[in-house]
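Since the structure comes first, as structure tokens, the remarks are kept for the end.
The values are calculated or read from the model by the stated rules, or taken from the named source; none is laboratory data. In this text, all values refer to a predicted model and were calculated from it rather than measured experimentally. Heads up, the Cβs are rebuilt from the backbone with ideal geometry, glycines too, and the neighbour counts pull from every protein chain shown.
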């Protein structure tokens, strides 16, 4: 074979290998966007379900993979989140991975935004349309008799709160970690007693009295992209009185299974369902080999 033929053959091989490489890369990106991606648990907030330094796969098919302009999102421009076709819906008890609903630069935490750089893994203990309560440290949803979260962990929190209550009976003087969102004296909600809190769903209509303004203001502002202020005993948007509001999005209340040490909706509030990446699927990395390939969302 001549030198020209050898060079031509080498170029041909390089071309084919490059095509295969590009094809595999595009397939990988496609699967990452539409099917599954990996998540990591740096803390113990989901123990015993997930341990620190474990990794699993995110199932994007159940809720539908999100499609949005990531460049607009990074630049802070308006963008719309759409989902691909789904085979299910968010269920009470699902372990989910979602974008943290606040930007790090938002020091006051008075509005919500999808933080693209920060992901959390928690359990959805209440979904859109539910009425959630915490009774003596245990999660309760009206009309639901199922155990929500891990009962043994909530019992541990109950004992811890009981010990603290004996030292300081006045709940208004309890430390910050024991007081729940919205941390307003009108409610006085704590990790021991919270609610009732109605989780908004699409089409749900509320009357905008002071209590509902405090509870739902930042979600209404996120949906409308406008400021909602309370002035002269009435809610005002763009200077006009707003007596009622109808939600256009679904939300959920998320919590870590290790309730004694978990930053979750008790402290930062509700999570829009559009912020959810997907549900937890299969565990693929763990220091305990017996846990590898275990299914994280069991029914």
Checking residue 102 against (1) surrounded by fewer than 16 Cβ atoms within 10 Å (Cβ to Cβ); (2) over 30 Å from residue 289 (Cβ atoms); (3) modelled with pLDDT under 90, which test does it fail?
-> (1)
Residue 149 is checked against (1) in a loop (DSSP other than H, G, I, E, B); (2) touching a strand residue (DSSP E or B) at 6+ places or on another chain (Cβ under 9 Å); (3) under 28 Å from residue 222 (Cα atoms) and fails just one. What number does that condition carry?
-> (3)
Selected residue (only one of 52, 42 is within 18 Å of residue 121 (Cβ to Cβ) and out of contact with any strand residue (DSSP E or B) (no Cβ under 9 Å at 6 or more places or on another chain)) | 42
(1) surrounded by 19 or more Cβ atoms within 10 Å (Cβ to Cβ); (2) more than 17 Å from the chain's Cα centre (by Cα): which one isn't true of residue 200, the others all being true?
-> (2)
